[in-house]
Each structure stands twice: as C-alpha cells, then as structure tokens.
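Visitor: Below are the structure tokens for one structure; questions will follow.
The values are calculated or read from the model by the stated rules, or taken from the named source; none is laboratory data. A quick note: this is a predicted structure, and the numbers were derived from the prediction, not measured. Glycine also receives a Cβ, built like all others from the backbone with ideal geometry; neighbour counts cover every protein chain displayed.
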Amino acid sequence: MIWAAVCAALLVPVAAAGFSPLLQWRQPVYIVAGFAGIVGFALMLLQPLLAGGYLPGLPALKGRRVHRWVGAGIVALVVLHVGGLWLTSPPDVVDALLLRSPTPFSVWGVLVMWLIFATAALAVLRKRLGMRPMTWRRAHTALAVLIVAGTGLHAVLIQGTMETLSKYALFALALGATVKVIWDLRIWAARRRASR
Amino acid sequence: MAHGAHVVAACAPDLTGETDMSIRLINRRSLIATGGAAALTLGTGLTVPARAAGVQPTPTMPGGANNYRPGAQIVERIGNGGFTMTGTVRRAGDGAPLEGRRIQMWAHTTEGHERDPESHGATLTDRNGRFVMDMPQIVPAFGQPHGHLAYDAEYDDGGFKTVFLRPVMSSPSETSLDVEFALVPA
C-alpha cells in the first residue's frame, strides 16, 4: 500500500511528462536530458523516505544502503541532464554554467548541480576527512534541504515537458518528506543537545 | 539607477490618454529599453514623431546570440511558416526608420532545433524599417518559448553596431512576436 503510493508519486510526474506535446519537436538527446532531470527530481522524494526508513521492507539501516545508491544515481542523472543539454545547445549551457543565462531557473539548476556534487564528494570523503557523525549529519541534511528546494524551484520555473500539477505535487511531496525526516530524526534537536 | 526608474515607469499606466507629458515620455523610454513592449512603442512613435528624438539604443539581450548562424540566407519564409515574426529597425536617437537592413531570425520550432540550419532565415527591412517573416510555430525550448533575432554589422554596410535579441513569448500559444531594433551608428 505504501509502496503503491510511493511508486505512483514517483512515476506519475515522469509519465505525465511523457505525454507532453513538446516531445514531438525534440531530438532524442534533448528528450533524454530532460527526463534525466525529471527522474532525478522524482528521486528526491524517494531519498528522504529511504533515509527515514519509512518504506516497508527497507528499515533505516537497509534503507540507507539504497539511499546511497540512489544518491549515486542522482549524480549520474545530473551529468546526463547537463551533458544532454550541452549537446542540444552548447551556448545555452555555457551561459547557465557561467551564471549569465537570461532564464531565471538556470541559476537554481547550476547551484543545485554543485550542491549535489558537493554532497557526493562529502559522502565519499566522509571517513577520510574523519568527520564526526553529528557534523556529517548536519552538513548532509543542510545540503539535502537546499538541493530539494533548489531543484523544485528550478523545475517550477521551467516551461517544459513536465505537467504543471504533477510538477507542483512532486515538489510539495519531496519537500514535505524532507522536512518530515529531519523532524523525525531530530537532527536539529540533536544538534542543540550536542552544542550544549 | 536607470533600471529601477525604468521598471517603475513601465508599471505606470501609460495609456490613460493625454495625461502628464513627462510621465508618457518616461514610459516610452522604458518600453524601448526593456524591449518587451516594442509594439506599443512603435505605435506611439509613429503617431507622435516629434517625440522620437529620445529613442534609446536597443541593447543586446543575454543569450541573444546563442546558436546564431552568420550569413544565413535571405528567404521568403522559414520552413512551412505559420508564425509571424515582425519588427522595426530604426536609428537610435532620431528614430528614423532604416531601410534595407538585414535581420536574421531563428528559434526552436515545430520544424527544428535552434542549431538546425533550416531553422534560420534572414530578411530585409522595407522603407518604413519594418520586416516580416513567416516561420514555423515557436515552441518552448530550454525552459521558455523564445525567439532570436540578429542585426549583424558584418553582413551590412550601413555602419551600425551589431545587436542580438532574445524575445520571450508571454504564452507558448502566441503565434506572433514583434520586436524593435534601435541601432547605434558604428
């Protein structure tokens, strides 16, 4: 039941975009780039659910393992998204990366890209950097909130293949799930305890 | 500083008839500067030519030159048409219409991507500085339904500076765009 709802929440926005009339006027590489972004966005709903151990059959510890793999998947999707857009229109992507694009959503996309890369780097180097668990948790959580919020803003400002209602719903669900897991895991409360 | 003033002025109602002259003048300038309401600007400019003395130069828009193809052919229309791109080319300052100026336009349309050569075409302005191009319907790409236009000094002997525009349609269902070039002598 929970799985059915989660699968629907993840798949409906992607499927709805599949019916976009814009697709008929786009070449495969542009379509792939767009859907890499949409799937990556959808996975940002899955990530907090995994981290919180909310999904049946995936309690917290097992959920974290999957969370790591999904995180790696998001990094790959970002590369595919930006790479595919680059092949479609190089100057537009160069403008975006240099923060001189005329489109207001580009700056959010680029910011989120760097935050995702930073999150991945931090996850990989966590042990080597000898980060304390609480420091790691705070840093990872702060990055995650910015990434989910920035991705949502990036998406809703775009007139693209995503269907409007499912786009806003996905944004709300992803943000809601992120806030819920932060609340449930008492990440900020734990921080206050630790700093005392 | 000037930007702030422009924004404020553009928000003020300017079509309230024969009201304060100074307010209307600011409005005209702001409209030209933003380029977004070029059609309105043209209308007022033609009916009151004496006020054309303050025509501000049209600046190149960010991203305007993206996927430009220098020297695209002059064509009757681009592809199968259906979308109307119009505009006016004038001299900055006195607002004199510029005839025979070569304007290139391109966009992501129902018939091709911005980078496709067949998505590009050029035309010349008439004696009133007007140009019209029939081109395929523009569809949203890279997040906005937008077109591109270029006045390229390299392909024109008239001695004006190059300007690239990137107008955005207010809705993807729009079937026309109108722009204004106020060119600065080189």
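Visitor: I need a count of the residues in the stretch A:147-196 that are farther than 16 Å from A:Pro48 by Cα and at pLDDT below 95.
Guide: Here the count works out to 8.
Visitor: Out of everything in the stretch A:70-112 that is touching a Ser or Thr at 6+ places or on another chain (Cβ under 6 Å) and among the aliphatic types (A, V, I, L, M), what residue ends up being nearest to the other protein chains (Cβ to nearest Cβ)?
Guide: A:Ala96
Residue by residue, here is whether (1) surrounded by 16 or more Cβ atoms within 10 Å (Cβ to Cβ); (2) out of contact with any Leu (no Cβ under 7 Å at 6 or more places or on another chain); (3) more than 14 Å from B:Phe142 (Cα to Cα) holds:
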| residue | (1), (2), (3) |
| --- | --- |
| A:Val82 | yes, yes, no |
| A:Met113 | yes, yes, yes |
| A:Ala118 | no, no, yes |
| A:Ala144 | yes, yes, yes |
| A:Thr164 | no, yes, yes |
| A:Phe171 | yes, yes, yes |
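Visitor: Sticking with this structure for a sec: In the stretch A:1-21, how many are within 14 Å of chain B (Cβ to nearest Cβ) and either within 16 Å of A:His81 (Cα to Cα) or in contact with a strand residue (DSSP E or B) (Cβ under 8 Å, 6 or more places away or on another chain) (or both)?
Guide: 1
Visitor: While we're on this one: Take the stretch B:142-166 and flag every residue that is more than 16 Å from B:His120 (Cβ to Cβ), crowded, with 23+ Cβ neighbours inside 10 Å and more than 9 Å from chain A (Cβ to nearest Cβ).
Guide: Hit for the stretch B:142-166 is B:Val163, nothing else.
Visitor: Scan (1) part of a loop (DSSP other than H, G, I, E, B); (2) assigned by TED's automatic domain parsing to the domain that holds B:Arg166; (3) hydroxyl-bearing (Ser, Thr, Tyr) for the single condition B:Thr60 breaks and write down its number.
Guide: Of everything listed in (1) part of a loop (DSSP other than H, G, I, E, B); (2) assigned by TED's automatic domain parsing to the domain that holds B:Arg166; (3) hydroxyl-bearing (Ser, Thr, Tyr), B:Thr60 misses just condition (2).
Visitor: Criterion first (of a type in the set (A, V, I, L, M), more than 12 Å from chain A (Cβ to nearest Cβ) and touching a residue at least 24 places away in the same chain (Cβ under 8 Å)) does B:Ala182 satisfy it? Walk me through how you get there before you give the answer.
Guide: Working: of a type in the set (A, V, I, L, M): yes; more than 12 Å from chain A (Cβ to nearest Cβ): yes; touching a residue at least 24 places away in the same chain (Cβ under 8 Å): yes.
Taking the combined requirement at face value, the residue satisfies it.
Visitor: Still on this model: How many residues are more than 14 Å from chain B (Cβ to nearest Cβ) and touching a Pro at 6+ places or on another chain (Cβ under 9 Å) if we restrict to the stretch A:124-162?
Guide: So the count comes out to 2.
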